[in-house]
């Protein structure tokens with residue numbers, strides 16, 4: 001979904017969000033500068049700012065050295081762009097930062113300071129992906145090992161006729 005020029009209401013505190021133009025990316029981010037300090041990313045914008053080497057100086061300029069309202073980060077949120085209910089997901093398998101995501105339009109909302117925390121989790125996208133693969137293999141590895149054992153047992157216990165049939169079938 002493309003950038004919207006309408007003023008969005010912050011899903012955390014309800015205040016108007018300020019459009020902050022990021023020239024290097026040609027993107028308008030929505031930042032809650034008058035309320036809680038949250039940031040809303042339209043679909044596919046977040047990936048331009050989630051790694052350490054990507055420039056977030058304009059964002060930090062808007063939220064650094066300011067007092068912001070405290071909000072309930074566990075509260076349900078509604079997407080400020082399309083009005084759908086947002087879903088809470090973790091930014092990585094480390095489960096340090098919880099992100100509000102809209103499955104309808106692809107938007108993401110980060111509470112104050114969460115962008116900095118996400119960027120500190122990994123140095124590169126490759127590290128993030130490798131950690132995810134390691135997590136998946138750890139989670140399902142024992143199940144795969146059990147399947148391999150059962151398959152090996154079934155292969156060795158086949159009758160001569162079954163083995164002949166499989167050989168003729170090319171299996």
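Bear in mind that the values in this text are calculations on the coordinates, not laboratory data. On a predicted model such as this, the values are computed, not experimentally measured, just so you know. Cβ coordinates were reconstructed from backbone atoms using ideal geometry, including for glycine residues, and neighbour counts include every protein chain displayed.
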(message) Springs between alpha-carbon pairs under 10 angstrom, Gaussian network model over the chain: which of 144, 60, 161 fluctuates most?
(response) 161
(message) Of the candidates 75, 139, 152, which one comes out as most mobile in a Gaussian network treatment of the chain with C-alpha springs shorter than 10 Å?
(response) 152
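In units of 2.2 N^0.38 Å, what is the alpha-carbon radius of gyration of the chain? Don't jump to the answer; show the numbers that get you there.
Values: Rg = 23.6 Å, N = 171, 2.2 N^0.38 = 15.5 Å.
Dividing the Cα Rg of the chain by 2.2 N^0.38 Å gives 1.52.
Kindly give Rg over Rh for the range 110-171, based on alpha-carbon atoms, with the Kirkwood expression for the hydrodynamic radius.
Using Cα coordinates only, the ratio equals 1.41.
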(request) Any chance you could give the angle, 0 to 90 degrees and rounded to 10, that helix 160-169 forms with the longest Cα principal axis of the chain? (result) 60
(request) Between 16, 111, 30, find the one with the highest GNM mean-square fluctuation for the chain; connect C-alpha pairs within less than 10 Å. (result) 16
(message) How tilted is helix 125-156 with respect to the longest principal axis of the chain? Cα atoms for both, answer in degrees (0 to 90, nearest 10).
(response) 20
(request) Find how many whole Å separate the alpha carbon centroid of the range 1-51 from the alpha carbon centroid of the range 89-166. (result) 30
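Could you order peptides 162-169, 84-91, 5-12, 123-130 by the average number of other Cβ atoms within 10 Å of their residues, highest first?
Values: 162-169: 10.2, 84-91: 15.0, 5-12: 17.5, 123-130: 12.2.
The peptides rank, most packed first, as 5-12, 84-91, 123-130, 162-169.
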